[in-house]
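First the structure, in the form of structure tokens, and then the observations on it.
The values are calculated or read from the model by the stated rules, or taken from the named source; none is laboratory data. Note that the structure is a prediction, hence the values are computed from the model and not measured. Neighbour counts run over all protein chains shown; Cβ positions are idealised from the backbone, glycine included. All accessible areas refer to the heavy atoms of the entire protein, side chains included, with ligands and DNA or RNA removed. Shrake-Rupley method; radii C 1.70, N 1.55, O 1.52, S 1.80 Å.
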Amino acid sequence: MIDKQHLLNSQQMAEFVARGFLRFDELVPAEINEAVMRDIDRQAIKGAPAGTPLSQCYAGTALRHMLDLPAVQGLIQSLVGEDPLFDHDAIHVREPNEGKAQGLHADSIIDLRTHFDIQLMYFPHDVPLEMGGTLLLPGSHFRRVNEMDVAAYQNMRGQIAMVCKAGTLLALHHGIWHCGRQNKTDRRRYMFKLRLNPAVRQLRLWNTQDLEPDYQSQREIYTRNARDGGVQDILSRREPWFEAASGRLEIVNRIKLWRFLTGDNEFDVHYWLGRLENKPA
Amino acid sequence: MATIRQQVLTLYLATSALDSRVLGWSMYDGTGDQAHTTGDSDTPPYETGLDALRDGWRLLQLPVLIPPYPGEEYSTSFMKYGFVFEKLEDTGA
Ligand SMILES: [Fe+2]
């Protein structure tokens, strides 16, 4: 069990629930990044059968050192528990001077669970804009789509093209829409991806000490004062690509996931669910 | 003959109204002049669907409104309001 100080806080968890990802810039130190790059070059990265506890993977390697960093352990534990299961890993390569980008997609297949897997994306070298970093669409993780079915969407307002320094880590909800962008440089771009499955019920696994007793008390619905950075506020923020009507349903999707993660079954944002649940006998 | 080529633009809008805001966009150019791909632009080509009409794009298809399937009223999936436009370009000498 990692020390509580390394776990995510409730604002970070709310951010993950709302947007489907967390980003940690330059989290991994240079010596690990360089060692991982050497292991990639010598094709020395060996995964494990699906379902292997993560603690048994990558023994003695640079990737193990990366995974053992307290901040990395803290975020893994907060999202999928202390010893999640290894699902698969992959070294994603964007070849130099590619003709086009990958199509937008969600990984694996359509997945209706409230339980979620995470995908860690680790960028062991600098990725400038023209090098085809991962493109991701914040808030897309609740959409029920099957893999490449969304490849028709070339650009969406609010999309994030990963431009980052070596050692940057993304933690993604399994449903997030993403793709590898076109690499216009003459260098290969590498990204290491690791999918992890929870082995425990995802219930208050992060540091919940910051949840004030009144954090879920019902607020006045239309008020300009609601932008307080609290959980309800974070879960109410629309992404720029949300349609007017479906955007409201996305808030409901977030409320449902937050209830699942906290066990707070009365939790609400803007009364979206409370209103529907009011059925006097 | 046959020097006319099609350019196709799909705009994903905020509501079912053609004059609502553009949220997503995709373009395919049959003339071969431009190659569009995923994540190549952060700025939409038009602010609204109507702006595309005013710039000479011809509307080919508008989204059909389908009531939610029973039991799926609260789930979200594809973008609902994709409007398809075309322009015809003469590539002949
Ligand atoms: Fe992918």
All conditions in (1) within 14 Å of chain B (Cβ to nearest Cβ); (2) in contact with a Gly (Cβ under 7 Å, 6 or more places away or on another chain); (3) surrounded by fewer than 19 Cβ atoms within 10 Å (Cβ to Cβ) are true of A:GLN102 except (3)
Hits in segment A:45-61 - residues which are without any contact (Cβ under 8 Å) to a residue 40 or more places away in the chain and either among the charged types (D, E, K, R) or touching a helix residue (DSSP H, G or I) at 6+ places or on another chain (Cβ under 8 Å) (or both):
A:LYS46, A:ALA48, A:CYS57, A:TYR58, A:THR61
Looking at this structure, is A:PRO128 away from every other protein chain (no Cβ under 14 Å) and more than 20 Å from the chain's Cα centre (by Cα)?
yes
Specify the residue that is nearest to B:ASP40 (Cα to Cα); the eligible residues are those in segment A:131-180 that are of a type in the set (D, E, K, R) and away from the ligand (no atom under 12 Å from the Cβ).
A:ARG157
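Residues checked against (1) free of Cβ contacts under 8 Å to residues at least 12 places away in the same chain; (2) of a type in the set (Asp, Glu); (3) open to solvent by 30 Å² or more (accessible area, probe 1.4 Å):
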{"position": "A:MET66", "(1), (2), (3)": "no, no, no"}
{"position": "A:ALA71", "(1), (2), (3)": "no, no, yes"}
{"position": "A:ILE76", "(1), (2), (3)": "no, no, no"}
{"position": "A:GLY81", "(1), (2), (3)": "no, no, no"}
{"position": "A:ASP87", "(1), (2), (3)": "no, yes, yes"}
{"position": "A:ILE118", "(1), (2), (3)": "no, no, no"}
{"position": "A:GLY132", "(1), (2), (3)": "no, no, no"}
Within segment A:188-225, restricting attention to residues that are of a type outside the set (Phe, Trp, Tyr) and within 16 Å of the ligand (Cβ to nearest atom), which residue is farthest from the other protein chains (Cβ to nearest Cβ)?
A:LEU196
Of the residues that make up segment A:226-238, is at least one within 14 Å of chain B (Cβ to nearest Cβ) and either open to solvent by 60 Å² or more (accessible area, probe 1.4 Å) or farther than 22 Å from A:LEU273 by Cβ (or both)?
yes
